[in-house]
1. What does the charge count around B:Val68 come to, taking other residues whose C-beta lies under 11 Å from its C-beta (Lys +1, Arg +1, Asp -1, Glu -1)?
2. To the nearest whole number, what is the average tally of beta carbon atoms from other chains within 10 Å of the beta carbons of peptide A:102-114?
3. What residues qualify as long-range amide H neighbours of A:Gln129, i.e. H under 5 Å apart, gap of 5 or more or another chain, H built at 1.01 Å from N?
4. I need the Kirkwood Rh of the range B:187-304: take the reciprocal of the average 1/r across all distinct C-alpha pairs and report it in angstrom.
5. Could you work out the mean projected area of the convex hull around the alpha carbons of the range B:99-213, in square nanometres to one decimal?
6. Work out the charge dipole of chain B with +1 on the Cβ of Lys and Arg and -1 on the Cβ of Asp and Glu about the Cα centre, then indicate which of B:Ala174, B:Ser262, B:Gly251 is farthest towards its positive end.
7. Treating the range B:217-264 as a set of equal point scatterers at the Cα positions, no solvent, please give the Debye-formula log₁₀ I(q)/I(0) at q = 0.18, 0.20, 0.26 Å⁻¹.
8. From the residues A:Phe218, A:Thr264, A:Gly142, which one has its Cα farthest along the dipole of chain A in the positive direction, the dipole being from +1 and -1 charges on Cβ of Lys/Arg and Asp/Glu about the Cα centre?
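Since every read-out is calculated from the coordinates, none of them should be taken as a lab result. Values in this document were obtained by computation on a predicted structure and should not be read as measured data. Heads up, the Cβs are rebuilt from the backbone with ideal geometry, glycines too, and the neighbour counts pull from every protein chain shown.
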Amino acid sequence: MSNASSPTSAAGVDGGIDAGENAGVTRADICAVAIAEAFRGDGERLCNPIGNLPLIGGRLAAATFEHQLALTDGFYTLMDPQSPDLVPAIALPEAERVAQRTVAHWNPYREMFGLLWQGKRHVMMGATQIDQYGNQNIAAIGDWTKPRRQLLGFRGAPGNTINHTTSYWVPNHSPRVFVQAVDVVCGIGYDRAHALGPIASRFHEVRRVVSNLAVFDFEATDSNGVATMRLRSLHPGVTLEEVLEATACEVVVPKDLGVSRSPTEQELAQINRLDPRGLRLSEVPEP
Amino acid sequence: MPGPDKRCTEDEVVAELSSGMTIGIGGWGSRRKPMSLIRAILRSDLTDLTIVSYGGPDVGLLCRSGKVRKVVSGFVSLDSIPLEPHYQAARQTGSIEAAEWDEGMLLLGLQAAAWRVPFLPTRAGLGSDILKYMGDLRTVRSPYATEVKLGGNSGGESAGELVSEFEELLAVPALELDAALVHQNAADVSGNAVWLGEDPFMDDLFVRAAQRSFVSTERILPTTELAGLADISHLKISRMDVSGVIEAPHGAHFTECLPDYSRDEAFQKRYAATAKSDEAWDEFRAEFLEVDEAGYQAKVKELQ
């Protein structure tokens, strides 16, 4: 990862709209941009966001500043839209989804495993729980052997995190999500990767955690030299106290903490085009 | 020469299965599941089964009906309803044993069985709690040295250093199946089968991983017509791997079977709601599961 991710560069200095003055920019739009930024620099690899806002953000990156990204149609193909305005909107009715995709590659599930084991993929998954090292739980709440609440299972999280770059999206930032220790480690964090050693963990990277309040990275280290969660920027209108109150795990707060940038006019137009029904607003309502 | 005629009914398939068997079920989530065969198992005395599946309502129905001892899965989901409610209940009450693997691990376990090797190695699962909770999983050390120039990603001071190691990998054990059940869009009488839609899922691996495999299908056609249905890469299952063929139009209902039909979302909602109470389940079972397949399909037709 480059050093272009110092806290100040995350601030709104790129000609973005000032969210405080522009009533047209919502918290959800800020989240979409922060998600898009997670894919910056990825170049020619599969951008694989899961969930509505991650999809908006990932496709926004492809339609604006990260044109080489490969995109998934959410099912069995990879698509190469031939211009930014042809990057398909999310949550289209099935017939439209099929009509609007420009199929570039057949990617049934077995091929997706092949692709991810090879490593040219950056996935953004959800997290029911996440800790300071980026360990993620989507499997179960409580003791896995007899869970209080059975969730999704491990799904692809173990294989994803040890094979390629992973980021997380948390629409409901709370101390129940950002926990001291997750109940079940599905996606592995930096402490687990460190314990495996440098060879076994050489493809591991948890890059970013984007929530409805703030953006986190892992560009700090704990006393053992293990990468640990760092607050990267606060979304406009969110205070540091608010984030810390909603976070039960350790998080490093840099001195020169930035503000998550707002979308440019062009980005805002793309966000509205990618999510015409405003699904992002039900996922992240205005505060 | 034409292959042998292996046509049979769902109930004839079930008669060849026995309690305690390990049974693999094709499809993915709530997509192209051999539901008419599952319904036949629900009507039977079979019990104590180990089910291997990219699970959907197949797993939920079998769990709710007390047929299952253990589920080995990459997930169990209804797709449009993310959590399979009956599997969730079975996990929370502890009525079944579970092995929840990484999705890719399941592919490797099936592939290992299909290739008759005891395991296949993978990085997937290392460092996660899969190894903590699935106590029968083992790792294996590579006999070949891996040499890596360390990047900047592992702490800083070691960047650029050349290191060498006999890598430890997860050894995914072969998922040897007593029987596999899959649903295909078309087949001939001897079991050459064709998937349509956009994903073969792992059906061809399931049939190769099993001692005996049974293919239910939307339609049985003369062999001469199979290659005309799609390009030849869709002729994925060979009769050599198939013991029985069941003609089951709409047999994957209520799961999706593209391009023949999409998922019956209204019916799936009705099914999912049966997890709310014993009364709701009993009512659903009486109406849809305690009838034969023709009766089921007639009931479903009435709902349209």
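1. Details: positive: B:Arg64, B:Lys67, B:Arg69, B:Lys70; negative: B:Asp48, B:Asp58, B:Glu97.
Local net charge: +1.
2. On the way: counts 0, 1, 0, 0, 3, 2, 8, 10, 9, 1, 3, 9, 2.
Per-residue shielding by partner chains comes out at 4.
3. Long-range HN contacts for A:Gln129: A:Asn137.
4. Working: mean 1/r = 0.0626 Å⁻¹.
Result for the range B:187-304, one decimal place: 16.0 Å.
5. Values: hull surface 40.5 nm².
Mean projected area for the range B:99-213: 10.1 nm², to one decimal.
6. B:Ala174
7. So the normalised log intensities work out to -0.69, -0.85, -1.18.
8. It is A:Gly142.
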